[in-house]
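The values are calculated or read from the model by the stated rules, or taken from the named source; none is laboratory data. These numbers come from a predicted model, not from an experiment. As a convention, Cβ positions derive from the backbone with ideal geometry for all residues, glycine included, and neighbour counts pool all protein chains shown. What goes into the accessible areas is simple: the full protein's heavy atoms, side chains included, and nothing from ligands, DNA or RNA. Shrake-Rupley method; radii C 1.70, N 1.55, O 1.52, S 1.80 Å.
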Amino acid sequence: MSIIEAKHLTKTYQVFRKQEGLLGSVKGLFKREYKTVEAVRDVRFSIEKGEMVAFLGANGAGKTTTLKLLSGLIHPSSGEATVLGHVPWKRENAYRRRFSLVMGQKNQLWWDLPAVESFRLHQEIYRIDRQVYDRRLDELTSLLEVKPLIRQAVRELSLGERMRMELIAALLHAPEVLLLDEPTIGLDVVSQRRVQEFLKYYQQSQQITVILTSHYMKDVQALCKRAIIISGGTLRYDGPLAELVERFSQYKLLSLQFAGDFDVAEMAGYGRVIEHVPPRVKLEVPRHNLPELLSHLLAKYTIEDLEVQERPLEDVIAEVFIEAKATAQRSSDSE
Ligand SMILES: Nc1ncnc2c1ncn2[C@@H]1O[C@H](COP(=O)(O)OP(=O)(O)O)[C@@H](O)[C@H]1O
Ligand SMILES: [Mg+2]
């Protein structure tokens, strides 16, 4: 049986549409116009026990809304979902004890108190046996390397430390399902790695089921085998992450800053020109050509600065989106 199941899940919001300009604002006082935003539309997926699935999409794609639905924070406009056999928005206590939602941009801990005070409150709320609580707290704080910090006021902690405390709070009751919404957003590379490693270890040792949204391809690559891509509230891809990663890593972004003049038309021979703001140019180049390309460029031009980057996850997602559209078009053409 699937642990998480969503069918035709849809959530629409009515938002006030402000008319433009002063006249519009005045009109708005008398007659409010609303428009409907389909945050999530007809989403369906099914996740098995012990899976760790990446849930990807650009800003505003509907990721957080989906996780809120699965947590029962909001009701769907239509459609169904079950998590561990529970309908989330029924908000049964029995369900609350079995899952956790962590939002990277939201604080659940008391700001002015040491984290351990919030942990104790969780112990009370979830009625965790004292010995079990002590053992879990000890394990989690050592895995996340924050043992000396739990008695310090949360507001004095760094963002990375705070995020690790949030994770501890979320895991003290040993949830079977963990929903992670951008858990590493804004973290420095070191903290990001630490959270990543922890999640990997913890998920494997506990065999919990996890949905992870993240903007960082590194997180996703380190942790997930399967990816679901959502765009404009609709599912666009559900399949092996490896396929996405391959597409993702075929190209790199090369930024160059020239000391003098250069011919941008010539640059197009090296790769796809993404940005051209003299004396800088940004190219998308095939990864396997990069070393050769660089030595060419350095021999021919005076280059003041250069940088090689991964392509942003958004670009890859956009590509998948375009391809899915093209495939759908082709199959409807051939009908
Ligand atoms: N409470 C709300 N009221 C109105 N619109 C909302 C609300 N929450 C989300 N939306 C809209 O729904 C869409 C999806 O949002 P969200 O799920 O937060 O996306 P993501 O997490 O992928 O960035 C966006 O267009 C957003 O503006
Ligand atoms: Mg979000």
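Got at least one residue in segment 112-129 being within 18 Å of Ser191 (Cβ to Cβ), open to solvent by 30 Å² or more (accessible area, probe 1.4 Å), of a type outside the set (Ser, Thr, Tyr) and touching a helix residue (DSSP H, G or I) at 6+ places or on another chain (Cβ under 9 Å)? Checked segment 112-129: no residue is within 18 Å of Ser191 (Cβ to Cβ), open to solvent by 30 Å² or more (accessible area, probe 1.4 Å), of a type outside the set (Ser, Thr, Tyr) and touching a helix residue (DSSP H, G or I) at 6+ places or on another chain (Cβ under 9 Å).
Does segment 68-75 include one or more residues that are open to solvent by 20 Å² or more (accessible area, probe 1.4 Å), modelled with pLDDT of 95 or more and away from ligand 2 (no atom under 16 Å from the Cβ)?
Within segment 68-75 (the criterion being open to solvent by 20 Å² or more (accessible area, probe 1.4 Å), modelled with pLDDT of 95 or more and away from ligand 2 (no atom under 16 Å from the Cβ)), the answer is yes, since at least one residue qualifies.
Determine whether segment 79-101 contains at least one residue that is assigned by TED's automatic domain parsing to the domain that holds Leu172, free of Cβ contacts under 8 Å to residues at least 40 places away in the same chain, in a loop (DSSP other than H, G, I, E, B) and within 16 Å of ligand 2 (Cβ to nearest atom). No, because not a single residue in segment 79-101 is assigned by TED's automatic domain parsing to the domain that holds Leu172, free of Cβ contacts under 8 Å to residues at least 40 places away in the same chain, in a loop (DSSP other than H, G, I, E, B) and within 16 Å of ligand 2 (Cβ to nearest atom). For Ser191, are the conditions met, namely being open to solvent by less than 50 Å² (accessible area, probe 1.4 Å), among the small types (Gly, Ala, Ser) and not in a helix (DSSP H, G or I)? It is false that Ser191 is open to solvent by less than 50 Å² (accessible area, probe 1.4 Å), among the small types (Gly, Ala, Ser) and not in a helix (DSSP H, G or I).
Of everything in segment 50-59 that's modelled with pLDDT under 90 and either of a type outside the set (Gly, Ala, Ser) or surrounded by fewer than 21 Cβ atoms within 10 Å (Cβ to Cβ) (or both), which residue is farthest from ligand 2 (Cβ to nearest atom)? Within segment 50-59, the match that is farthest from ligand 2 (Cβ to nearest atom) is Ala58.
Would you check which residues across segment 218-246 are more than 16 Å from ligand 1 (Cβ to nearest atom) and aliphatic (A, V, I, L, M) and list them? Matches in segment 218-246: Ala222, Leu223, Leu241, Ala242, Leu244, Val245. Reported count of residues in segment 171-188, each being open to solvent by less than 10 Å² (accessible area, probe 1.4 Å) and over 17 Å from the mean Cα position of the chain (by Cα), is 3.
A search for C-beta distances below 8 Å between a residue of segment 283-300 that is assigned by TED's automatic domain parsing to the domain that holds Asp263 and any residue that is part of a helix (DSSP H, G or I), counting only pairs 6+ apart in sequence or on different chains, returns Leu283/Met267; Val285/Leu293; Arg287/Ser249. Apart from one condition, Gly104 fits all of (1) touching a strand residue (DSSP E or B) at 6+ places or on another chain (Cβ under 9 Å); (2) open to solvent by less than 10 Å² (accessible area, probe 1.4 Å); (3) closer than 17 Å to Leu187 by Cβ; the exception is (2). Residues of segment 248-278 that are open to solvent by 50 Å² or more (accessible area, probe 1.4 Å) and touching a residue at least 24 places away in the same chain (Cβ under 8 Å): Gln250, Tyr251, Ala259. Here Ser205 meets each of (1) part of a helix (DSSP H, G or I); (2) under 28 Å from Gly186 (Cβ atoms); (3) at pLDDT below 90 with one exception, condition (3). Val245 passes every criterion in (1) modelled with pLDDT of 90 or more; (2) surrounded by 14 or more Cβ atoms within 10 Å (Cβ to Cβ); (3) over 26 Å from Ala39 (Cα atoms) apart from (1).
Of all residues in segment 150-182, those being part of a loop (DSSP other than H, G, I, E, B), more than 16 Å from ligand 1 (Cβ to nearest atom) and in contact (Cβ under 8 Å) with a residue 60 or more places away in the chain number 3.
Restricting attention to segment 109-137 and to residues that are in a loop (DSSP other than H, G, I, E, B) and more than 20 Å from Pro148 (Cα to Cα), the residue that is farthest from ligand 1 (Cβ to nearest atom) turns out to be Asp129. Restricting the first member to segment 107-121 and to residues that are in contact (Cβ under 8 Å) with a residue 40 or more places away in the chain and over 13 Å from Glu156 (Cα atoms), and the second to residues that are outside any loop (DSSP other than H, G, I, E, B) and among the acidic types (Asp, Glu), the beta-carbon pairs closer than 7 Å and six or more apart or on different chains are Gln108/Glu166.
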